[in-house]
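The values are calculated or read from the model by the stated rules, or taken from the named source; none is laboratory data. Small disclaimer: the values here were computed from a predicted structure and weren't measured. All Cβ positions, even for glycine, are placed from backbone atoms using ideal geometry, and neighbour counts span all protein chains on display. Ligands, DNA and RNA are stripped out before the accessible areas are found, and what is left, the full protein with its side chains, is counted by its heavy atoms. Shrake-Rupley method; radii C 1.70, N 1.55, O 1.52, S 1.80 Å.
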Amino acid sequence: MLVNAYGAHAGDQPLQPLQITRRAPGAHDVQIDIAFCGICHSDLHQVRAEWHGTQFPCVPGHEIVGRVAAVGAHVHGFRPGDLVGIGCIVDSCKHCADCEDGLENYCDGMIGTYNFPTPDAPGWTLGGYSQQIVVHERYVLRIRHPEEQLAAVAPLLCAGITTYSPLRHWQVGPGKKVGVVGIGGLGHMGIKLAHALGAHVVAFTTSDAKREAARQLGADEVVVSRNAEEMAAHAKSFDLILNTVAAPHDLDAFLVLLKRDGGMTLVGAPATPHASPNVFNLIMKRRTLAGSMIGGIAETQEMLDFCAAHGIVADIELVRADQINESYERMLKGDVKYRFVIDNATLAG
Ligand code: NAP
Ligand code: ZN
């Protein structure tokens with residue numbers, strides 16, 4: 001069936017209205033009417049071809065929430081009308097060690113929500129800046145937040161799980177000191193989640209203006225990372241630093257803030273590489289430099305349920321589809337508190 005969407009025909013062109021085809025639901029598929037879709041910085045990297053291999057037309061969007069419209073004959077876990085979400089994963093091989101461990105995000109055959117190969121037209125997946133999506137039931141998440149919070153739940157499907165997964169992997173909780181670098185879409189969720197897990201949270205920002213806001217998000221302390229004195233006051237003190245910055249920057253400035261056996265996990269995925277860190281900053285205190293990619297389906301459901309139980313949602317600014325290009329420019333300037341979310345009803349006309 002044909003549905004309205006918003007996407008780009010080339011990396012140097014703005015996004016514009018277009019129509020795409022969705023498959024009819026198969027036996028294990030769930031067809032979803034998309035109510036809202038968050039705007040992740042990854043959408044911008046991909047649609048502007050900053051990462052290699054973007055297929056056009058490109059329809060981004062992997063922070064999807066809405067209601068089930070129809071289900072295939074063999075779907076038993078979902079019914080029409082259910083509130084559901086789709087994150088960054090719409091398929092995987094389903095039988096490798098990663099899939100069996102519930103870590104579909106690390107499956108070599110993982111199919112991302114946009115720009116991954118699919119038998120469906122046009123040959124690559126198309127994301128949530130669209131009216132509907134059809135996904136195998138294994139990758140559909142249940143939303144237990146009240147419906148009036150639905151738009152603010154959308155960013156949990158990527159920004160939420162991408163920060164929750166490394167916080168859990170590194171066993172963040174009471175007694176742990178955690179830094180979150182970059183207060184954007186991911187970073188603001190990292191602060192909320194680390195705080196809810198009981199850690200002592202320090203937010204690092206390049207923007208002096210975000211000082212007070214970071215505290216309101218749950219940070220116990222805020223450091224403006226351009227200020228060398230403020231940075232030095234935290235030397236050798238962190239168990240974990242979660243780095244969400246979307247641009248190359250000096251990693252050593254943060255590695256020296258880790259205590260012995262501490263680790264920094266990179267989730268930011270800049271288009272050009274960071275300069276190599278000084279290896280002595282790792283060796284001298286047995287520090288770890290790690291990475292992490294989104295999270296598996298079971299962990300995403302765990303995160304959604306944790307957020308519902310703790311009343312956690314994203315801080316969002318709701319935009320119309322015709323404001324997507326402007327939202328990208330504002331995101332690049334750091335002018336967003338803290339996630340743009342598209343009202344997909346505005347795709348109708
Ligand atoms: P975002 O909303 O634009 O936030 C990024 C933040 O980084 C900014 O708000 C800013 O915070 C800081 N920043 C930006 N440019 C900087 C610079 N030149 N130097 C220092 N700080 C800078 O982006 P997002 O949606 O949170 O995504 C962040 C990154 O994570 C992107 O690269 C995205 O592709 C990636 N990502 C990765 C995964 C994964 O699975 N690993 C998943 C989703 C997204 P301050 O103003 O506070 O400094
Ligand atoms: Zn994302």
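Quick look at the values:
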item	result
Net charge contributed by nearby residues that have their C-beta within less than 15 Å of GLN46 (K/R +1, D/E -1)	-3
Degrees, to the nearest 10: 159-169 long Cα axis against longest axis of the chain	50 degrees
Pair THR206, ARG138: separation of 7 Å Cα→Cβ label points (nm)	4.0 nm
Prolate/oblate/rounded call for region 160-291, Cα gyration tensor, a/c under 1.5 rounded	rounded
Heavy atoms of GLU299 accessible to a 1.4 Å probe, total area in Å² rounded to 10	40 Å²
Summed side-chain charge close to ALA5 - residues other than ALA5 whose Cβ falls under 15 Å, Lys, Arg +1, Asp, Glu -1	-2
Solvent-free Debye scattering, log10 I(q)/I(0), computed from the Cα coordinates of the chain at q = 0.08, 0.11, 0.12 Å⁻¹	-0.37, -0.70, -0.83
Total charge dipole magnitude, region 160-291, about the Cα centre, Cβ charges on Lys, Arg, Asp, Glu only, Debye to nearest 20	360 debye
The chain - percent of accessible surface contributed by carbon and sulfur, probe 1.4 Å	52 percent
Centre separation in Å (Cα based) which lies between region 20-93 and region 300-349	16 Å
Tail weight of P(r) past 11 Å, computed on alpha-carbon pairs of region 1-49, percent	76 percent
Estimated [θ] at 222 nm from DSSP helical runs (n ≥ 4, -39500 (n - 2.57)) normalised by residues in the chain, nearest 500	-6000 deg cm²/dmol
Cβ charges +1 (Lys, Arg) and -1 (Asp, Glu), total dipole of the chain, debye	640 debye
Label-point separation, CYS93 to ARG320 (7 Å along Cα→Cβ), nm	4.7 nm
Pairwise centroid distance, computed over Cα atoms, of region 188-217 with region 140-180, Å	14 Å
Per residue solvent-accessible surface (Å²) - region 82-164, probe of 1.4 Å	35 Å²
Degrees, to the nearest 10: 185-196 long Cα axis against longest axis of the chain	70 degrees
